[in-house]
1. Just to check your reading of the model, which residue among LYS69, LYS32 is open to solvent by 40 Å² or more (accessible area, probe 1.4 Å) and more than 23 Å from the chain's Cα centre (by Cα)?
2. Give the residues of the stretch 98-110 that are crowded, with 18+ Cβ neighbours inside 10 Å and closer than 20 Å to GLU172 by Cα, sorted by residue number.
3. If a residue counts only when it is in contact (Cβ under 8 Å) with a residue 12 or more places away in the chain and open to solvent by 40 Å² or more (accessible area, probe 1.4 Å), which helices (runs of 4 or more DSSP H) contained entirely in the stretch 287-348 have at least 1 such residues?
4. Looking only at the stretch 288-316, how many residues end up being small (Gly, Ala, Ser) and within 21 Å of GLN272 (Cα to Cα)?
5. For the stretch 107-140, enumerate the residues that are more than 21 Å from GLU161 (Cα to Cα) and in a helix (DSSP H, G or I).
6. Answer with yes or no whether ARG83 is closer than 30 Å to SER133 by Cβ, open to solvent by 80 Å² or more (accessible area, probe 1.4 Å) and in contact with a Gly (Cβ under 9 Å, 6 or more places away or on another chain).
7. For the stretch 194-259, please list each of the helices (runs of 4 or more DSSP H) lying entirely inside it that holds at least 2 residues being of a type in the set (A, V, I, L, M).
8. Residues that are open to solvent by 10 Å² or more (accessible area, probe 1.4 Å), within 21 Å of LEU26 (Cα to Cα), free of Cβ contacts under 8 Å to residues at least 40 places away in the same chain and assigned to a helix (DSSP H, G or I): does the stretch 150-166 have at least one?
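The values are calculated or read from the model by the stated rules, or taken from the named source; none is laboratory data. The model shown is predicted, which means the values in this text are computed figures rather than measured ones. Note that we place each Cβ from the backbone using ideal geometry, even for glycine, and neighbour counts take in every protein chain shown. Ligands, DNA and RNA are excluded from the accessible area calculation, which covers all protein heavy atoms including side chains. Shrake-Rupley method; radii C 1.70, N 1.55, O 1.52, S 1.80 Å.
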Amino acid sequence: MAQVRGSCQSFCPDGESKMRIREKLLHYFELKNGQKNTPGILVKEFTRSAADAKMPQAKDMRTEQSLIKTVEYLLKDIILDNRKPYNVVYDFIFDRLRAVRREIVIQMFDARRTIRLLEPIVMFLAFSLYKLSIEPIDKFDPKICNQHLQECLTGVLCCYEDLDRQSSTTTEKPTLRELERRCFIEGLYQMFNLGSPQSFIRALTLPEHVRQDATFRLCFEMCLSYQQGNLYRVVMGLPQLPHILCAVASTKLQAIRRSLLQIFTHAYNNKQLTVPAPYLLRLLLIDSPAGLQEQCRHYNIALAPDRKSVLFNKTDFRQSAMTLGCRHESFVESKLARVYLPEVLLMKKL
């Protein structure tokens with residue numbers, strides 16, 4: 001297949017822009033100041049390849065610089081647009097970034113150029129996975145987001161491996177910023193796949209400079225603790241993670257809380273033994289007694305009459321209960337509130 005090099009310098013090729021304006025197929029964020037049928041800034045939308053489709057022409061494909069500017073526009077201007085709920089913002093950005101990913105494949109970008117475009121997409125999907133985790137299924141499907149995040153992570157990691165293989169035959173070396181970004185993404189892969197043997201094995205084979213990075217080392221130690229069954233160390237490590245890593249890891253927290261409570265039902269399976277509620281609040285990273293009471297009600301764990309301690313009985317634990325859904329944790333929210341989101345998603349400041 002002949003390689004196509006894009007020549008379009010705008011966010012959306014002229015042919016698509018004219019067609020969508022004519023057919024009134026503009027998204028809310030493509031309307032000028034939200035005015036109906038008044039075109040603003042259009043961004044190329046994602047379309048699936050048909051079996052009989054012809055090879056795209058250069059004029060319908062964006063240049064590398066145009067793709068970079070498109071990603072920056074979406075993750076700087078659109079993501080901060082609060083005229084619509086975040087799930088609407090997510091749907092728009094998600095679709096337009098799929099179009100970017102499709103052009104990366106069609107134009108057969110090399111590893112370095114692919115990394116530059118895919119890394120911010122990974123960050124966006126990771127942030128959105130946490131941000132929308134509390135939404136109902138009709139507004140956000142976490143399975144789709146998980147699937148695309150895994151695909152993008154795999155694509156980036158494959159590119160890292162390509163560059164590692166090329167490093168022995170080329171004089172071009174990664175910059176300190178590129179190395180820092182890689183360590184962060186490698187840590188994100190570990191947290192997203194917490195408990196996966198494949199991700200754990202990968203961590204053991206990474207280059208020395210990645211394994212010695214402080215952020216990655218913390219992620220790896222948490223994964224090692226998880227493999228060893230030491231959930232206490234996993235939970236204690238969560239608040240130490242930076243922003244997006246902390247957000248992604250917190251989506252696993254409800255399952256970890258359930259496992260810890262099950263462990264307690266075996267360790268303290270005695271009517272004479274109780275566990276102080278303040279201790280459980282610290283251990284489970286729950287910020288209010290009401291949150292602990294919710295866990296106890298859901299899994300049928302008894303509270304002492306004074307509600308200051310918890311009584312565990314393994315025969316009473318409701319094994320059939322589904323794990324409680326994800327929620328916005330206060331320690332994650334405080335971290336995200338202190339950062340400028342576009343800088344973080346575009347990996348300009350970690």
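1. On the way: LYS69 fails: more than 23 Å from the chain's Cα centre (by Cα).
On inspection, the qualifying residue turns out to be LYS32.
2. Residue satisfying the conditions is PHE109 alone.
3. Numbers: elements: 289-299, 330-337, 341-345.
Ranges flagged: 289-299, 330-337.
4. So in the stretch 288-316, the residues small (Gly, Ala, Ser) come out as 288, 290-291, 302, 304, 309.
Retained after the next criterion (residues that are within 21 Å of GLN272 (Cα to Cα)): 302, 304, 309.
Counting residues in the stretch 288-316 that are small (Gly, Ala, Ser) and within 21 Å of GLN272 (Cα to Cα) gives 3.
5. Result: PHE124, LEU125, ALA126, PHE127, SER128, LEU129, TYR130, LYS131.
6. Considered against the rule, which asks whether it is closer than 30 Å to SER133 by Cβ, open to solvent by 80 Å² or more (accessible area, probe 1.4 Å) and in contact with a Gly (Cβ under 9 Å, 6 or more places away or on another chain), ARG83 comes out as yes.
7. The helices (runs of 4 or more DSSP H) meeting that bar are 197-204, 214-228, 231-237, 243-250.
8. No, the stretch 150-166 has no match at all.
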